[in-house]
Amino acid sequence: MRGSLSFRDLEGNGLILFGFAISVIFWLLEASNHVLFFADSDLYEAIFAPTWHELWMRLTVVMAFMGFAFIASHIVKARRRAEDASIRALAEVDQVFETAADGMRIVDKDFRVLRANDTFAELVGLPKSEIIGRKCHDVFWGDRCDAPGCPLTRVLGGDEFVEYDADKVCSDGKSIPCIVSATPYRRPDGRIVGIVEDFKDISERKQAERNLRESEDRLRELTAHLQSIREDERSRIAREIHDELGQVLTALSLDVRWLHKRLPEERGDLLRKTHRMGELITTTVGSVSRICSELRPAILDDVGLSAAIEWQASEFSSRTGIVCDIETEPPHIKLSEELSVAIFRIFQETLTNIVRHAQATKVHVVLRLTRHAFSMRVCDDGVGMEFSEAHKMNSFGLLGVMERVRGFGGEMAVYKGDLGGACLNIIIPSPDPPAKEDKIMARAKEAVQVP
């Protein structure tokens with residue numbers, strides 16, 4: 001039990017009874033004073049049968065006392081409710097702060113830690129007693145500490161919310177990737193006295209991202225290896241077909257011609273038969289030559305990429321009737337064997353997609369080689385296709401194009417071109433040190449004017 005009764009405890013009926021008691025005491029004192037000074041009545045009569053003037057005066061004072069008691073009771077109750085609400089709110093805030101899954105600390109204007117939760121102490125590997133009172137950058141340091149990007153400096157400068165990713169370093173040298181957010185820490189009057197910092201540990205997410213990138217790199221390397229094996233196999237099959245089957249067909253054609261010349265004229269049926277055999281052999285030789293060119297065009301190895309692209313465009317036009325214009329700068333572009341094969345296959349796949357989906361009548365191709373990058377743009381006048389639509393098509397051909405381009409560190413874009421149809425644009429940087437790659441790609445994009 002408490003030793004004394006405070007004013008705060010006098011609430012509800014207590015204050016009303018207190019007002020009633022004061023009123024009774026006043027009534028008795030006033031009756032006693034009246035008897036003492038006027039002596040015109042006894043005490044009993046002064047208490048229970050006062051004059052009208054005395055009654056009016058006493059009732060006025062009593063009503064004042066009781067009114068004060070009622071008003072004071074409501075004021076005390078309201079104050080008590082406000083204090084209880086404040087205590088509950090502070091308790092809730094404390095619970096949220098202490099049990100938050102993220103590390104949290106409060107830093108004042110002098111960069112000193114005023115408070116830290118258990119998660120923050122666990123994050124930095126220090127007990128709270130060694131955190132509170134120290135400079136914030138001595139406990140958990142980042143590249144923005146003591147710099148213009150410091151969250152405390154920015155909040156004091158007027159920012160209401162600051163968020164960024166950073167690698168924070170503990171006092172033992174351990175680096176932890178975090179999402180850092182900071183908001184103003186205000187007094188009840190609204191004055192900013194520091195910041196509340198929140199640190200979300202994203203080490204697992206960063207590790208997952210690294211694993212994903214490594215997996216993508218390994219998959220890309222495997223894809224490039226498989227493509228290289230496929231190109232080697234195509235070259236081998238093309239050589240064997242050309243060397244073996246081509247020689248046999250040539251010899252067979254010579255034998256048929258020899259036989260045709262030695263048949264008597266009266267054997268018209270045999271002459272017609274050998275003539276048809278010769279024509280069939282000639283057609284087969286042409287088919288073998290076409291298959292060998294499609295497997296691995298010799299012009300790509302002998303002359304270079306520009307000539308191979310022009311040859312493929314000519315073959316495409318003759319087969320489909322679609323006009324195909326080629327623009328090269330410089331006129332004769334010759335790249336490494338691996339890159340030339342990749343560009344040629346990309347061009348073949350692009351032409352195949354145009355035939356299947358574009359409903360085009362004209363194709364315009366631009367090849368450009370600078371000291372910074374190589375670019376190829378293929379546009380048609382067909383129905384058109386945006387990059388998002390291309391992805392919705394689940395086109396493995398387009399996916400293969402993208403992987404080929406990324407294998408050389410390049411970029412690909414599909415957009416609506418000047419001819420009204422789709423436009424495929426690829427940019428592959430020249431082999432330079434990684435530090436220069438971003439500048440090279442920027443200059444290359446500017447040169448080809450990618451939208």
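What number in nm² do you get for region 40-93 if you take the convex hull of its Cα atoms and divide its surface by four?
4.9
Using helices alone, I'd like the mean residue ellipticity at 222 nm for the chain: each DSSP H run of four-plus residues gives -39500 (n - 2.57), total over residue count, nearest 500.
-18500 deg cm²/dmol
For region 7-96, what size does the Cα cloud have along each of its three principal axes, sorted from largest down, in whole Å?
Largest to smallest, the principal-axis extents are 73, 17, 17 Å.
With a sphere of radius 14 Å drawn around the Cβ of ARG218, what net charge do the other residues whose Cβ falls strictly inside it have (Lys, Arg +1; Asp, Glu -1)?
-1
Out of every Cα pair in region 223-263, what percent are spaced more than 15 Å from each other?
59
With N denoting the number of residues in region 236-381, provide Rg(C-alpha) divided by 2.2 N^0.38 Å, to two decimal places.
Compactness ratio reported: 1.40.
Expressed as a whole number of Å, what is the distance separating the alpha-carbon centroids of region 153-191 and region 205-238?
With region 205-238 and region 153-191 each reduced to a Cα centre, they are spaced 42 Å.
Using a simple charge model, +1 on the beta-carbon of Lys and Arg, -1 on the beta-carbon of Asp and Glu, nothing else, what dipole does the chain show about its Cα centre, in debye to the nearest 20?
Computed about the Cα centre, the dipole is about 960 debye.
Compute the distribution of all C-alpha to C-alpha distances in region 100-201, in bins of 5 Å from 0, and list the percent of pairs in each, rounded to whole numbers.
Going from the shortest bin to the longest, the percentages are 3, 14, 26, 29, 19, 8, 2, 0.
So for region 207-296, what are the equivalent ellipsoid semi-axes in whole Å, largest first, each being the square root of 5 times an eigenvalue of the Cα gyration tensor?
Rounded to whole Å, the semi-axes are 52, 10, 6.
Thinking of the chain as a set of Cα atoms, what percent of all their pairs are more than 33 Å apart?
Of the Cα pairs, 68 percent sit more than 33 Å apart.
Is any helix in the chain, taking whole DSSP H runs, at least 30 angstrom long along its axis by alpha carbon and on average at least 0.5 on the Kyte-Doolittle scale, and which ones?
13-38
Name the residue farthest towards the positive end of the dipole of the chain from the options VAL196, SER430, ALA101, assuming +1 on Cβ of Lys and Arg, -1 on Cβ of Asp and Glu, about the Cα centre.
Of the candidates, SER430 comes out farthest on the positive side.
Read-outs: derived from the displayed coordinates by stated rules, not from any lab. None of the values given here were measured: they were computed from a predicted structure. Because the Cβ atoms are built from the backbone with ideal geometry, glycine has one as well, and the counts that use them run over all protein chains shown.
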